[in-house]
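Structure first, then comments.
Bear in mind these aren't lab numbers, they're just calculated from the coordinates by the rules spelled out. On a predicted model such as this, the values are computed, not experimentally measured, just so you know. Cβ sites come from the backbone with ideal geometry, for glycine too, and all protein chains shown count toward neighbours.
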Amino acid sequence: MYRHEYHLTPPSGWMNDPNGFCRFGGRYHLFYQHNPRAPRWGRMHWGHAVSDDLIRWERLPVAIGPDSFWDGALGCFSGSAVERGGELCLLYTGVSVLGQYQMLARSRDGVAFAKERRPVIGRRSLPPGGTGRAFRDPKVFERGGAYYCVVGGDWNARRVRGTQVSLYRSDDLERWRYVGPLLRGVLPGGGVFECPDYARPSGKDVLFASPMRLPGNDDDEFENLHSTVYIPGALDAERGGFEPDDGPGRYRELDGGADFYASQTLTEPDGRVVLVAWMQMWKRTMPTAAEGWAGAMTVPRELSYEGGRLVQRPVRELERYRTDTVETGSFIVDGTASVPGLRGNVCDIELTADLMGASEFGLRLFLAPGEGAGRPCATLRYDRRNASLILDRSRAAVRIASLDGAEAGCDVRTTRLELPGGLLRLRLLLDRSSLEAFADGGAVAMTSLVYAPDDHTGVELFSDAPVRVVELRRHAIAGVRIG
Ligand code: DQQ
């Protein structure tokens, strides 16, 4: 009932982090952390899917799994992929009883993989301060004819028990040389920068990481147990350093919703940078486990860097699956408004509103049939006084709880959004049990899961004073049928 139509999910069992996001043999490949045996985390395999257009995925057999000493404890953790000499090469973390290592696997056909017998980054190549107990998630990229990879891990100095992102360099993917640290910090409880990444959207150096237990701040950032952040700056690949534009210790949240983690990018030959993330959060109840599966990917997003901000837009390929478009002319919302044809739970909604004198405007989503404002499973609301966009799923039919008191709450998420001209631009992707919201052309993104029954397809607009909706289009999304 909750299975998404156009977001990648595992056939059965468990999915977390995206891995090995790449192009090979003319197709996109997306691997993911996978437990094929049960809809909960377990010894990790790499699930595998391929696509011609980043939207419609075909499932392939599990690519790699625990079958050697080096991955015999907890399996094959996260990593990345690159093509070399006609082979699809996977760089991943093996977790043995002795610790964590970077491993290599290769495939000629992109389906069957053979593992190298020994780690390619092992004990002798640990970064300064690294113990190898936490040393994981290699993300490979090419620059100036060489391969580089960033790896997250622990960092122990004289008075510090922290975490770091290290840069390595190789000419052949087999012999790697430590270059230097790109990022160092201290996280509560010995947390680690997981799933680091580096990309150049619009030619700007950007470092990504998923810091565990990053404390929240007064800007309503980092409210989830673990966060995904980006750091614009300048990379020195020769000497191994990263100069952050915002100064040290400053992180920007990539997505302000409740369910987003461990993002990974792919850079296309024309320079397009595409990002995908796990649409979930650790330590939460997962209602889909009762259906035998758990975990999904976001819709892949194109990244650009505009006016000093990272901008995310759903990949344009999604537009090919739009159908049954309902479009309105300009109209006024004063109080509550239902718009004929504006409904759906598998759809793409584009809306531009001039807030005029209003201080509050929003949408009620996943409404029960005939219940109107009585029971929206989710609301997305702009609070002008506090310059905030608020995504609230507290009235969803099935509530999600945070386990072990890991978070204060996981229903309401708030993101700062300044609208100097009072013009609110929104794009919403609804897919049965998920909502991805993009505001201000993609400068703000919020992703949360919302568990509503299939017939909760109603949508309403609301405001506390007259608001002019300038443009409104609702497209159904159909024909994806993830195989
Ligand atoms: N998940 C993987 C690790 C990674 C973590 C294990 C992040 O490689 O650090 O499933 O979600």
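Note on the range 268-355: Kirkwood hydrodynamic radius from all Cα pairs is 17.1 Å, rounded to one decimal.
Here the relative contact order of the range 13-314, from alpha carbon pairs under 8 Å that lie six or more residues apart, stands at 13 percent. Computed over the Cα atoms of the range 322-477, pair by distinct pair, the Kirkwood hydrodynamic radius stands at 15.6 angstrom.
For the range 230-283, the residue among Ala237, Pro248, Trp278 whose Cα projects farthest onto the positive side of the dipole built from Cβ charges is Trp278. For the range 407-483, the residue among Met446, Leu423, Thr457 whose Cα projects farthest onto the positive side of the dipole built from Cβ charges is Leu423. Which of Ala38, Ala134, Leu167 sits closest to the plus end of the dipole of the range 13-314, meaning its Cα is farthest towards the positive end, when Lys and Arg get +1 and Asp and Glu get -1 on the C-beta? Checked the options; the winner is Ala134.
Summary of the geometry: the range 365-406 and the range 1-51, compared by the centres of their Cα atoms, lie 28 Å apart. With the convex hull drawn around the C-alpha atoms of the range 410-463, the volume per residue stands at 101 Å³. With the cut-off at 1.5 for a/c, could you classify the range 13-314 from its C-alpha gyration tensor as rounded, prolate or oblate? Note, shape of the range 13-314 comes out rounded. Look at the Cα gyration tensor of the range 385-483: its axes a ≥ b ≥ c give a/c of at least 1.5 with a/b at or below b/c, and that counts as oblate.
Under 8 Å for C-alpha pairs, at least 6 residues apart: give me the relative contact order for the range 322-477, rounded to a whole percent.
Contact order relative to length: 45 percent.
Take every Cα pair under 8 Å in the range 148-210 that's 6+ residues apart, average their separations, divide by the length, and report that relative contact order as a whole percent. Over the range 148-210, the number comes to 30 percent. Between the alpha-carbon centres of the range 309-330 and the range 84-99 there is a gap of 37 Å. Rounded to the nearest Hz, the phi-derived 3J(HN,Hα) couplings of the range 299-306 under the Karplus curve 6.51 cos²θ - 1.76 cosθ + 1.60 (θ = phi - 60°) are 5, x, 10, 7, 9, 9, 10, 10, where x marks glycine and proline. So if I take the centroid of the Cα atoms in the range 107-178 and the same for the range 252-269, what is the distance between those two points in Å? Computed from Cα coordinates, the inter-centre distance equals 21 Å.
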